[in-house]
1. Could you name every one of the helices (runs of 4 or more DSSP H) located completely within segment 468-545 that has at least 2 residues being surrounded by 19 or more Cβ atoms within 10 Å (Cβ to Cβ) and not acidic (D, E)?
2. Could you count how many residues in segment 315-325 are open to solvent by 50 Å² or more (accessible area, probe 1.4 Å) and either part of a strand (DSSP E or B) or polar (S, T, N, Q) (or both)?
3. Listed residues V539, V485, V470; which is at pLDDT 95 or above and within 24 Å of the chain's Cα centre (by Cα)?
4. Here is a check on your reading of the model: is E465 in contact (Cβ under 8 Å) with a residue 12 or more places away in the chain, among the acidic types (D, E) and either touching a Lys or Arg at 6+ places or on another chain (Cβ under 6 Å) or surrounded by 24 or more Cβ atoms within 10 Å (Cβ to Cβ) (or both)?
5. Please count how many residues of segment 59-118 are of a type in the set (D, E) and touching a residue at least 12 places away in the same chain (Cβ under 8 Å).
6. Does A399 satisfy being in a helix (DSSP H, G or I), of a type in the set (G, A, S) and surrounded by 24 or more Cβ atoms within 10 Å (Cβ to Cβ)?
7. State which residue is nearest to the chain's Cα centre (by Cα) when the search covers only segment 140-165 and only residues that are within 17 Å of E211 (Cα to Cα) and not acidic (D, E).
8. Considering only segment 163-178, state which residues are within 18 Å of Y134 (Cβ to Cβ) and either crowded, with 21+ Cβ neighbours inside 10 Å or without any contact (Cβ under 8 Å) to a residue 12 or more places away in the chain (or both).
Amino acid sequence: MTIWSKSNDVLGTVNRGNPAESGLCTLCMADCQGKCETWLSSLLGRKMLYPRDFGMVTAGSSNTTSIGVSYNSLRIMGYNYGAYGLGQNISNSSDDCIFPNVNIETEFGSEEKTKSRIPIMTGALGSTFIAAKYWDPLAIGAALVGFPIVIGENVAGIDKEAVIENGRIKKAPELDRRINTYLRYFDGYGAIIVQVNVEDLRNGVAEYVIEKYGDKVIIELKWGQGAKSIGGEIQVKDIEYATFLKKRGYIVDPDPEKPEIVEGFKNGAVKSFARHSRLGYTHLSSPEEVREEFMKTVEYLRKIGYKKITLKTGSYSMDSLAMAIKFATEAKLDLLTIDGSGGGTGMSPWNMMQTWGVPSILLHSKAYEYASILANKGQKVVDMAFAGGFAREDHIFKALALGAPFTKLVCMGRALMIPAFVGSNIEGVLHPERKGKVNGNWDSLPPTVSQLGLKAEEIFAGYYEVKKKVGENEMKNIPYGAIAVWTLADKLAAGLQQLMAGARKFSLKAISREDIASANRETERETGIPFITDIRNDVARDILNS
């Protein structure tokens, strides 16, 4: 097993806990005082692309040997001539072919396209309490930058204020809050996507959303996720709330209505309850039956008015992956998100997360293979997003290249939550009267922040860009967490532009699998990406022999 370093002396970053492959700590705390790369990038933005202490240092790579099969074992290729994917107003002159001119806008969709200014989207932010707490900075930041955000499963079902009559949602305040927060700053780029699972479909969430919001919202069906093999979970510490959730139709463990559990809770032996969702398609036994059921659901959603429908699938077996790609293509869905093992934002059982499912790079490699089979038959393959352990600009490039030309977006879960955490903590200190509202966790600024400044205008590199976009008067309504989301997105955007310029690709549609290489033979075998010194080796020999 590869051991990832806890510190990066070149960038001046340190992980509080044990780092995952993404560079994030395996356990990301909302009250963290820093300073992993993503955390610090939420404040400093594109400055984090470069080594610290310029003028006093030199820096050398520590990552020239790759072991095992992972996204880290893919290398990004650079070339010394040519320029591809040039826009209408860009010539191949060296004055035009500069990295700030690289176009990283993307779009997805079957009939009607959805645009995004940067090729990222959030993971599903559903009924976990941390998603509810930090929704405002996440949603506003996503809307301002212009990338899609996903409201995850069970949001209406667990809402105490939601009204369900005759098995149908009639009132859903929390779901409304989340949708309207995003739409307030939506400017045509990005999207608000509402995900539905078994319980949501039973409760009429799809009908509620389409009747109230029409085509302002995209609906997403869910087939599992990359962090766990069972339905979504949350943990509650209130036995009355646990009982409420059971009466709402959820699985609650342990059962809050059993006398022995009630007694255990009263005496402190039972301290919390886990609410679980149900598995889908348990009554089906063949791919043909799955297709029939799936197509019926899609047909019904279109009948009630949905113009855009997406599907999220997890790290199941290869036949499930093939079904997701084929059925989504046949149904002309707008996006298929494929979530590999290694990610996870919610309350996934830890050892399940460690040992279940297909790691991202293997799942994504097979997704390309299966999509290619359909494309070679002349089918227009569904647009795809890859998810599962991504946090940096090089992750974005590699994922887009591995799945090219089918992959349009990279889905990030935990990475995009970090700026919401740190921004809210800073806002709670600088404005104590807002601390409770923004869910701030600090009483004072830690040295990791105070050394940058003592007010928002000094701390966030993206502050004045956000101010320019929304105007001085509206700036007072923008959460600091949203400014941090903007700042991190700017770093990711600039880093992606630099990597693309080095590969001589000046628009996303030009990225191809030829832009990455396998750093070891095992990765070559599993991904189909050639070994690094085999790429263009024939061209090199022709040059030498000519």
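1. Counting at least 2 such residues, we get 480-502, 521-527.
2. Qualifying residue count for the region: 1.
3. Values: V539 fails: within 24 Å of the chain's Cα centre (by Cα); V470 fails: within 24 Å of the chain's Cα centre (by Cα).
It is V485.
4. On the way: in contact (Cβ under 8 Å) with a residue 12 or more places away in the chain: yes; among the acidic types (D, E): yes; either touching a Lys or Arg at 6+ places or on another chain (Cβ under 6 Å) or surrounded by 24 or more Cβ atoms within 10 Å (Cβ to Cβ) (or both): no.
Answer is no for this residue.
5. Final tally of qualifying residues: 4.
6. Values: in a helix (DSSP H, G or I): yes; of a type in the set (G, A, S): yes; surrounded by 24 or more Cβ atoms within 10 Å (Cβ to Cβ): yes.
The answer is yes for A399.
7. So the residue we want is A156.
8. Within segment 163-178, L175, R178 meet the criteria.
The values are calculated or read from the model by the stated rules, or taken from the named source; none is laboratory data. For clarity, every value in this text was computed on a predicted model and none was experimentally measured. All Cβ positions, even for glycine, are placed from backbone atoms using ideal geometry, and neighbour counts span all protein chains on display. Note: accessible area is taken over every heavy atom of the protein model, side chains too, but ligands, DNA and RNA are not part of it. Shrake-Rupley method; radii C 1.70, N 1.55, O 1.52, S 1.80 Å.
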